[in-house]
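First up is the structure itself, then whatever we jot down about it.
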Amino acid sequence: MARPRRSEDTRRLLVEEGAAGFLTSGYHGTGIKQILDRVGVPKGSFYNYFDSKESFGRAIIEHHSLCVQRNLTEAFADAPDPVSGLRAFFGRLMDDFVASDFTGGCLIANLGGELEGSELLRESLSKAWAAWRDRIAEQLAQGQRLGMIRADIEAGELADLLLESWEGAVIRMKIDRTLDPLRKCLDRLLGDYFLP
């Protein structure tokens, strides 16, 4: 029997709803049935779109990574310089955290702490993290060429420090329900340690 024709719109809706579920309830806390019900897809139709929950998770991580890349591009395009672009990008994330009442956090980091047993998802998370890190490193390298960022430390290493510090600050933000840890992270790194 031939599989029914898949709708790319339905697949996209499943991925978007899944991303929201994973962000609020985690991978293990989000049931496929609840996602299907929210999108209005019959339970038996899930396998028309994904081979498994793991492949669904991979699609969600890839979707999230593309959203991050799009947000980076938009923030950098409108900025007068690399440091302003970085601040704009992280500022947009802070706006999102306020809008969600300090819940959720970062999907990549949340899933990274939860999915230790899945090599497929670990590889997807690693690829998403590397794409994010590389775009930040490009901005920092441009800042180095312009004399805005210290050049005695490689831009990739500075990007690692920035993102790893940011993720720690996101945890503190969620605990204390305030943007102060995020602001301190950016001010201490972009406004101090990273300066030439």
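What the table below lists for this structure:
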| item | result |
| --- | --- |
| Answer from 36, 23, 14 - the residue that is surrounded by 14 or more Cβ atoms within 10 Å (Cβ to Cβ), touching a helix residue (DSSP H, G or I) at 6+ places or on another chain (Cβ under 8 Å) and touching a residue at least 60 places away in the same chain (Cβ under 8 Å) | 23 |
| Failed item in (1) within 29 Å of residue 55 (Cβ to Cβ); (2) open to solvent by less than 10 Å² (accessible area, probe 1.4 Å), with residue 140 passing the rest | (1) |
| Any chance residue 114 is closer than 20 Å to residue 25 by Cα, open to solvent by 50 Å² or more (accessible area, probe 1.4 Å) and either within 16 Å of the chain's Cα centre (by Cα) or among the β-branched types (Val, Ile, Thr) (or both) | yes |
| Test: residue 47 is surrounded by fewer than 19 Cβ atoms within 10 Å (Cβ to Cβ), in a helix (DSSP H, G or I) and aromatic (Phe, Trp, Tyr) | yes |
| Any chance residue 176 is open to solvent by less than 80 Å² (accessible area, probe 1.4 Å) and touching a helix residue (DSSP H, G or I) at 6+ places or on another chain (Cβ under 8 Å) | no |
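The values are calculated or read from the model by the stated rules, or taken from the named source; none is laboratory data. It should be emphasised that the depicted structure is a prediction, and the values quoted were computed from it without experimental measurement. When we count neighbours, we look across all protein chains shown, and the Cβ atoms used for this are built from the backbone with ideal geometry, even at glycine. Each accessible area value is taken on the protein alone, full model and side chains, heavy atoms only, with ligands, DNA and RNA left out. Shrake-Rupley method; radii C 1.70, N 1.55, O 1.52, S 1.80 Å.
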